[in-house]
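Read through the structure below, which is laid out as structure tokens, and then see the notes.
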There are 2 protein chains.
Amino acid sequence: MVTHGIRGPGGRSGGRPTLEEVAARAGVGRGTVSRVVNGSPRVSQETRAAVEAAVDELGYVPNRAARALAANRTDAIALVVPEVESRFFAEPYFSDIVRGVGAALDSTEMQLLLTIVGNDRERSRLARYLAGNRVDGVLLVSVHADDPLPELLVQLDIPVVLSGRRSADEPLAWVDADNVAGARGAVAHLISRGRRTIGTITGLLDVYGAQCRLDGYRQALVEAGLDADEGLVAPADFTEEGGRRAMEELLDRRPALDAVFVASDVMAAGARQVLRERGRTVPGDVALVGFDDSAIAHRMDPPLTSVRWPIEEMGREMTRLLLAEIADRRPAGAPGDDDRRRIVLPTELVPRTSS
Amino acid sequence: MVTHGIRGPGGRSGGRPTLEEVAARAGVGRGTVSRVVNGSPRVSQETRAAVEAAVDELGYVPNRAARALAANRTDAIALVVPEVESRFFAEPYFSDIVRGVGAALDSTEMQLLLTIVGNDRERSRLARYLAGNRVDGVLLVSVHADDPLPELLVQLDIPVVLSGRRSADEPLAWVDADNVAGARGAVAHLISRGRRTIGTITGLLDVYGAQCRLDGYRQALVEAGLDADEGLVAPADFTEEGGRRAMEELLDRRPALDAVFVASDVMAAGARQVLRERGRTVPGDVALVGFDDSAIAHRMDPPLTSVRWPIEEMGREMTRLLLAEIADRRPAGAPGDDDRRRIVLPTELVPRTSS
DNA sequence: ATCACACATGGGAGCGCTCCCACAGTACCT
DNA sequence: AGGTACTGTGGGAGCGCTCCCATGTGTGAT
């Protein structure tokens, strides 16, 4: 009957122990072993001990596929990262997020599935993939407002957590840095240093976070009773080149500029080059504050004051949220306590010589 | 009998179509659908077409867990990254590797499982995990010579590919950059620019790649008939601070130094600071060449000449190798063609102002 | 026509789990 | 004493596939 026994060539049969073998060894039934392995309380002390002993002796590790098939869950979550982001966000952004996620998963049986989506073809492959019901939840890194993925996941009834919101009233669960407060603090810092004509270089304004940083900038000016002159706002796109162009624009429009809050370090690097080319000293003539506290900030000349946001912690919190949502999964309908599903993490100003 | 039907609360039952349903729809048997889905040639044209139509209409996606259970394979590979590496190798190292791996997996059904191992506890958890037979293969990024993981995988008979070798006669499959040639080219470049007293700052010499870079340095000197004076070699540890110390040492020992080949850009950044502090101009007094061509290289002042190695391509090649090994899996014993299992990728000198 | 052999196909058995029902044993009430 | 209500346990059924054997069905050689 055991026609199977020896699987085709190469098939690792070696014989990892099965539940049944553990049960035999411990002198109990399959159900009981399953209960012990899964930490059910409905097992007596002695039985539990006997089973645990058998598990140890045999070196039993549950077969994930079998479990997934029987229980209709996968014990895996996917981290979806748009390729673009993996490239140019704050330099260590990607690895920091991953490290945070990994840390949060560490005490779990969950495994992390990584997906980089570049083009649209890959995007639809992913959609197909997720539709195949192969993960218990999804972490979505920096989705853009027009991305169809979140909607799809909602329809498939798969738990999602976003890093960053797509808008002020993001309906999905999310974890975000306090961009407004971070920007406000940075600008307040410039004001406290006596700067009065403070410009800003923004990120892509259809990214909600970029919008928030601009808002924070404005709030700080208003709070200080300064003029929030629109001529002081130069929109850019998070790239170094964009930062260059915006800085030139700003300098042309407002020669008396004495400080700039730049919405990313990379753009700040571009801006700094322009200042040097135009013979403005930093921080003498123009003070500079960046955002992200990325690797380049402390290597700039002079080292760049920047706003740090806790990327690794974001990864951790996203994962916590997701795991909770997976565990909770109400009988459907009950969407859960909304306050539990949105987390704002504080930022921190890292003062250096540029301001 | 269908006691199961409605799974516990929250259980997505929604009803993704199964093989059987597709079979019914196409008016064929289960086996046939399986054959079509898995691309077996032993199916007639018409039948194939009918099945494919049914698959499309129903939006059928095979259930991975069921497949894994039945076929005793997982269609997943793990990428294991030591936490340390994710932190400080050439800045975008981690994401580049991942991107390469992702690209190679793109046309496959394989999924990528990411594991960051930090401490030893996590390391043994991983061992346990892999022992549980949950992946078809493993990519190991920058293993150290004393890491027990490779051995374990060999014992478990799980295919492995390393990025970088642990020694000259690495028995496992690997993909590595041509560190020797890269270093030799860098130093030859310095010589061609008229430099004669060329020092080097090495990485941790128990890392094989660091050793190779040192060898390349020596070869270039010998080829040019220059003196390979050991006083010109300053060992460091891949950190910026290590680079600083090594540079100071070098300057103290050989004041006439007119060039330095540094085995990583990060160390070069440290070295550059020391040169500035000591009033040596770059490249006027001392020419500098780094290694990795990381993000900081082109941002240094002056921009740093560096040796680029194709990280993303390494990820791709590792994956190719691993997939091939998984597909091949001889009836055991036959270890396969060794030349197929080791790949050396060329490096490229990126000249900038520092040399 | 007859046999041999290929190819195409259907479907049973089994992968290792979880879920749940049934059943024993014990404890507590009336 | 009988009833009720647990708690602990065993094991059948089933998750959705792959594998393989058995059964047609067609082709060419004899």
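Can you pull the semi-axes for the protein assembly as shown, root of five times each eigenvalue of the Cα gyration tensor, sorted largest first, whole Å? Let's see the in-between values first.
Numbers: eigenvalues 472, 252, 101 Å².
Computed over the protein assembly as shown, the values are 49, 36, 22 Å.
Would you kindly calculate the mean projected area, averaged across all directions, of the convex hull enclosing the Cα atoms of segment A:179-308, in square nanometres? Don't skip to the end; give the middle numbers.
Numbers: hull surface 26.0 nm².
Approximately 6.5 nm², given one-decimal rounding.
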Tell me the net charge near B:LEU172. Cut-off is 12 Å between Cβ atoms, B:LEU172 excluded, with +1 for each Lys or Arg and -1 for each Asp or Glu.
-3
Cα-based Rg (one decimal) and Dmax (whole number) for segment B:273-355, in Å?
20.3, 66
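Report the local net charge at B:ASP227: Lys and Arg +1, Asp and Glu -1, summed over other residues whose C-beta lies under 12 Å from its C-beta. Let's see the in-between values first.
Values: positive: B:ARG196, B:ARG218, B:ARG254; negative: B:ASP229, B:GLU230.
Here the charged neighbours net out to +1.
Might you report the magnitude of the Cβ-based charge dipole of chain B about its Cα centre, with Lys and Arg at +1 and Asp and Glu at -1, to the nearest 20 debye? Each step should come with its number before you reach the end.
Values: 44 positive and 52 negative charges, 190 e Å.
The calculated dipole for chain B is roughly 920 debye.
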Magnitude of the charge dipole, the protein assembly as shown, Cβ model with Lys/Arg +1 and Asp/Glu -1, debye to 20
1320 debye
On Cα atoms only, tilt of B:208-223 relative to the major axis of chain B in degrees:
40 degrees
Quick one: what do you get for segment A:14-82 if you divide its Cα Rg by 2.2 N^0.38 Å?
1.29
For A:GLU151, which inter-copy label distances result when the label point lies 7 Å beyond Cα on the Cα-to-Cβ vector, reported in nm to one decimal and in ascending order?
5.6
Over the Cα atoms of segment B:27-139, compute the convex hull volume and normalise it per residue, giving Å³.
123 Å³
Probe 1.4 Å, all protein chains in place: accessible area of B:ARG67 in Å², nearest 10?
50 Å²
So what does the Cα-only Debye profile of chain B read at q = 0.09, 0.13 Å⁻¹, as log10 I(q)/I(0), no solvent term?
-0.62, -0.99
Around B:ARG253, under 11 Å between beta carbons, what's the net of Lys plus Arg minus Asp minus Glu among the other residues?
-4
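The values are calculated or read from the model by the stated rules, or taken from the named source; none is laboratory data. All values derive from a computational prediction rather than experimental measurement. Cβ coordinates were reconstructed from backbone atoms using ideal geometry, including for glycine residues, and neighbour counts include every protein chain displayed. Protein only, heavy atoms only, side chains kept; ligands, DNA and RNA dropped before computing areas. Shrake-Rupley method; radii C 1.70, N 1.55, O 1.52, S 1.80 Å.
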